[in-house]
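Structure first, then comments.
Quick note: the coordinates plus some simple rules give every number you see, no bench work behind them. Computed from a predicted model, the values in this text were never measured in an experiment. Ideal geometry is used to build each Cβ from the backbone, glycine not excepted, and the neighbour counts take in all protein chains shown.
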Amino acid sequence: MKEDWKSRTELLIGKDNIKKLSDSKVIVFGIGGVGSFAVEGLVRAGIENIILVDNDVITSSNLNRQIHAIISNIGKLKVDCMKERILSINPKVKVQTYMPQDITNGEEMLIDKSIDYVVDAVDTVTTKLKLIQKAKDYQVPIISCMGTGNKLDPTKFEIVDIYKTSVCPLAKVMRKELKKRGIQDLKVLYSKEETIKHDIETRTPASISFIPSVAGMIIAKEVITDIISK
């Protein structure tokens with residue numbers, strides 16, 4: 001494959017930064033709506049070493065917001081579908097895939113000094129806290145996605161420190177738990193938009209195509225710009 005597919009990006013960030021991206025390793029936890037688009041943005045920008053972690057399969061309910069969710073992929077593992085998509089964009093990418101149960105000591109054990117950046121796009125507070133603590137222990141940069149469900153305005157997303165967040169219920173819980181653990185800072189993506197209430201009672205978060213996708217691409221932008229600024 002000719003390398004000229006990177007030529008437009010090279011015009012923007014320069015040849016040295018193209019190499020820096022191709023040499024960097026990023027791990028993404030959670031390959032759903034936000035995570036799948038974050039991976040897409042990272043790979044198309046030039047990341048050539050990526051680890052995908054998720055134990056879920058694609059279902060019909062994912063079709064409205066996940067980039068790898070197409071009818072022919074229903075029932076397949078998200079990490080496998082995303083790997084196939086990555087290699088169809090750039091066959092040179094080294095892709096490792098993991099399901100949490102495949103990892104002896106928990107998914108956070110994949111974080112070590114060889115990682116250049118961690119993307120946390122998982123849903124559960126417990127898992128987020130483990131990932132964040134591990135990244136902090138190894139001094140590996142991490143960005144954590146807060147709640148994107150029940151939102152309709154993608155222009156309300158911001159990247160800030162966790163302790164500067166407001167409105168977001170997940171961010172409120174995370175602030176409390178991180179403070180308990182003595183973690184003094186954390187880069188997050190969150191939305192300033194007030195949560196939209198459902199017409200019917202359900203715990204299932206509402207979603208639409210342009211919310212997780214925008215969130216994922218903003219995260220990809222932050223990872224890329226942080227890496228090339230080193």
Inset, instruction - Would you please classify the overall shape of the chain from the alpha carbon gyration tensor, given that a ≥ b ≥ c denote the square roots of the eigenvalues, rounded means a/c under 1.5, and beyond that prolate means a/b larger than b/c while oblate covers the rest? - result: rounded
Legend entry - Check: the chain dipole with +1 on Lys, Arg Cβ and -1 on Asp, Glu Cβ, in debye: 340 debye
Legend entry - Qualifying chymotrypsin sites (Phe, Trp or Tyr not before Pro) for the stretch 146-230 [loop in DSSP, other Cβ within 10 Å: at most 16]: 210
Legend entry - Approximate spin-label separation residue 185-residue 155, in nm, with each point projected 7 Å along Cα-to-Cβ: 3.0 nm
Legend entry - MRE, 222 nm, helices only [DSSP H, n ≥ 4, -39500 (n - 2.57), over the chain, to nearest 500]: -11000 deg cm²/dmol
Inset, instruction - Provide the net charge surrounding residue 31, with neighbours chosen by a C-beta distance below 9 Å and charges set as Lys +1, Arg +1, Asp -1, Glu -1. - result: -1
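Within the stretch 100-201, which trypsin sites (Lys or Arg not before Pro) sit in a loop by DSSP and count at most 16 neighbouring Cβ atoms inside 10 Å?
Hits after loop and neighbour filter: 113, 181, 192, 197.
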Inset, instruction - Compute the signed sum of charges (Lys and Arg +1, Asp and Glu -1) over the other residues within less than 15 Å, Cβ to Cβ, of residue 40. - result: +2
Legend entry - D (Stokes-Einstein, µm²/s), Kirkwood Cα radius, the stretch 47-182, 1.002 mPa s at 20 °C: 128 µm²/s
Inset, instruction - Would you work out which of 9, 50, 29 lies farthest towards the positive end of the dipole of the stretch 1-108, given +1 charges on the beta-carbon of Lys and Arg and -1 on that of Asp and Glu, about the Cα centre? - result: 9
Legend entry - Set 134/197; 134/176; 92/221 screened for pairs whose C-alpha atoms are more than 27 Å apart: 134/197
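Give the range of the longest stretch in the chain that excludes all GluC sites (Glu not before Pro) found in loop regions by DSSP and having at most 12 other beta-carbon atoms within 10 Å.
My reading of the result: 1-193 is the longest stretch.
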Inset, instruction - Mind checking the full-extension length gain between residue 203 and residue 221? Use 0.36 nm per residue of separation minus the Cα-Cα distance, one decimal, nm. - result: 3.4 nm
